[in-house]
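Student: Following this message is one structure expressed as structure tokens.
The values are calculated or read from the model by the stated rules, or taken from the named source; none is laboratory data. Every value quoted in this text rests on a predicted model; they were computed, and no experiment measured them. No Cβ is skipped: glycine too gets one built from the backbone with ideal geometry, and neighbour counts run over all protein chains shown. Each accessible area value is taken on the protein alone, full model and side chains, heavy atoms only, with ligands, DNA and RNA left out. Shrake-Rupley method; radii C 1.70, N 1.55, O 1.52, S 1.80 Å.
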Amino acid sequence: MEYIILLIFSFFTEAVILWQYAASLFSPSHSGKKRLTLLSVLYVLLFFLSLLGQTWLNIISFFVINTVFLYIMFNLKLLLALFHSAILTAIMGISELAVLGMISRFFPHFLLEASVGLVFYTVFSKITFFAVVYLLSWLFKGNKAAQEPYGHSEILLMFIPLSSILMMFTLLGETTAYAPPVDFLVTICAVFLLLVNLLVFGINQYNAKRSQEYADLQLLLQKESDSVEYYEMMLAQNENQSILIHD
């Protein structure tokens, strides 16, 4: 049962990361409700496929499902959707292998912890996955990020996942020193640490979108105001010409 819950949490995290990555880079071709529905259906399918316990099947299905979501829900060509899906799949695999290697190298005792060890490994790998994906999405924005009001300052948010990774190192090093009740609380804190990362970046993305919409609205209002002034000037000019002709 614990494994199933952890698996659901893992796929939920990956779905949120995919959503934020796609929303920050691409223009959607469908409404948010449709995107959320398709993403939920695809990741539920991915969850059931993962229950078969086949590593290569999990990797291929993750790649295919991400490609389907990007291609259908965003204005992307198939090759571009395949490219970004391959990047996400590669980063996920590398982050999991890198975290496993670091744990094996620096905290070999940690692998003996059955349930707690699996939770910490999952949270650590997902934070790493999220940090790399966010940095990559910021780099892909390039000039677009520089033109946004707070484009350059977004990179400062990288301190949040980086500090979270350092905190995970600390927690990993002290895990065996905790008594069982405290050990459970520390595990919960690690899970919430990942959720806070996702929440902060999600709120930032939402605020950036709202700010852009407000700026576009202000620009539209300014254009309409300029048009009104222009037509009033033209009307006054026509009236003056009519008076001169009449005289």
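Student: Grab the Cα-Cα distance for LEU185 and GLU213, subtract it from 0.36 nm times how many residues apart they are, and report the gain in nm with one decimal.
Tutor: Roughly 6.0 nm would be gained on extension.
Student: Can you tell me the accessible area per residue over the range 1-107, all protein chains present, probe 1.4 angstrom, in square angstrom?
Tutor: Normalised by residue count, the accessible surface of the range 1-107 is 55 Å².
Student: Relative to the present Cα-Cα distance, how much length would full extension add between SER225 and LEU139 at 0.36 nm per residue of separation?
Tutor: Gain on stretching SER225 to LEU139: 27.2 nm.
Student: In what order, largest first, do LYS141, LYS126, LYS34 sit by accessible area if the probe radius is 1.4 Å?
Tutor: Largest accessible area first, the list is LYS34, LYS141, LYS126.
Student: Let me ask you something else. Once amide H atoms are built 1.01 Å from N in the peptide plane, which residues 5 or more positions from PHE74, or in another chain, come under 5 Å H to H?
Tutor: Correct list: SER29.
Student: Apply the Karplus parameterisation 6.51 cos²θ - 1.76 cosθ + 1.60, with θ equal to phi minus 60°, to every residue of the range 27-43 and state each ³J(HN,Hα) to the nearest whole Hz, in sequence, with x for glycine and proline.
Tutor: 8, x, 9, 9, 5, x, 5, 5, 5, 5, 5, 5, 4, 5, 4, 5, 7
Student: Over the range 1-98, what is the relative contact order in whole percent, taking alpha-carbon pairs under 8 Å and six or more residues apart?
Tutor: Worked out over the range 1-98, it gives 28 percent.
Student: Need one number: nm distance between label points at LEU156 and LEU97, each 7 Å from Cα along Cα→Cβ, rounded to one decimal.
Tutor: Modelled inter-label distance: 3.7 nm.
Student: Among LYS34/LYS223; LYS141/LYS209; LYS77/LYS223; LYS33/LYS209, which pairs are too far apart, with a Cα-Cα distance over 22 Å?
Tutor: Pairs exceeding 22 Å: LYS34/LYS223; LYS77/LYS223.
Student: First check a/c for the range 9-123, with a ≥ b ≥ c the square roots of the eigenvalues of its C-alpha gyration tensor; if it is under 1.5, answer rounded, and if not, answer prolate when a/b is larger than b/c or oblate otherwise.
Tutor: Prolate.
Student: What does the extension gain come out to for TRP56 and LEU195, with contour length at 0.36 nm per residue minus their alpha carbon separation?
Tutor: Here the answer is 47.3 nm.
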